[in-house]
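Here the structure is laid out as structure tokens; the discussion comes afterwards.
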Amino acid sequence: MKIFPMDQEILQIIKKDRTDLMEELSLLSESVMKSAINASKLIAETFENNGKLLIAGNGGSAADSQHLATEFVIRLNKKDIRMGLPAIALTTDSSLITAGANDIGFDRIFERQIEALGNENDLFLGISTSGNSENIINGIKKAHSMKLKTILLTGRNVPNINTDIIINGPGNGVSQIQTLHSFIEHLIVKIVLIYIKNGKKVDFFYKNC
């Protein structure tokens, strides 16, 4: 196949992005990994205590919310034969989201759903590459006021907010942060299942399906 000058430029972009991503993955510190483990433990405890996981984000992080909820409700691996785990993405109902944005403000669309759906045994996981998404911050505040546990998955910028666990993926740009988030999210699912398999309700989740 003939290589055109534009193709060479594209190849350079691909190589640079690949190199940058490998560097970013190597920078995932032990503290970030410990935060991911602690988050996984908190999620597993939520499921064991009959609570549910509420997840939200904007844009690509909204897609991540739906992806993560799917891995818990359906499964990540076909060999993982178990009951569905109660995880809900708060990003999927277009009627609810547009009504909320129109009537009470886009900054309150997740806060309102947490108010309506959340219970004390539940956990809210907010995803924000910038760490500054107002509707995610408001969701965390509402969750805390209702005594839900909270986790924030963010990028380099760590906001000053009261949350149980913060996981920050040290990417240099939105695309790299989102790629790191996807890596961390898959790790979380795998670790949560390890905790559940070694937990007090393993028979319920694995033998009643």
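For the residue pairs Lys34/Lys149; Lys78/Lys149; Lys15/Lys190, the alpha carbons lie more than 22 Å apart in Lys78/Lys149; Lys15/Lys190. For the listed peptides 189-202, 136-149, 73-86, a ranking on the average number of other beta carbons within 10 Å per residue, highest first, reads 136-149, 189-202, 73-86. Identify which of Ala87, Ala39, Ala101 has the largest mean-square fluctuation in a Gaussian network model of the chain, with springs joining Cα atoms closer than 10 Å. Looking only at Ala87, Ala39, Ala101, the largest GNM fluctuation is found for Ala101. For Ile88, the residues whose modelled amide H falls within less than 5 Å of its own, excluding neighbours fewer than 5 places apart on the same chain, are Leu53, Leu54, Ile55. For the stretch 30-207, DSSP calls about 0 percent of its internal beta bridges antiparallel. At an R0 of 45 angstrom, the distance between the Cβ atoms of Lys147 and Lys79 translates into a FRET efficiency of 0.80.
Taken together, the values in this text are just the output of simple stated rules run on the coordinates, not laboratory data. None of the values given here were measured: they were computed from a predicted structure. FYI the Cβ positions are ideal-geometry reconstructions off the backbone, even for glycines, and counts take in every protein chain you see.
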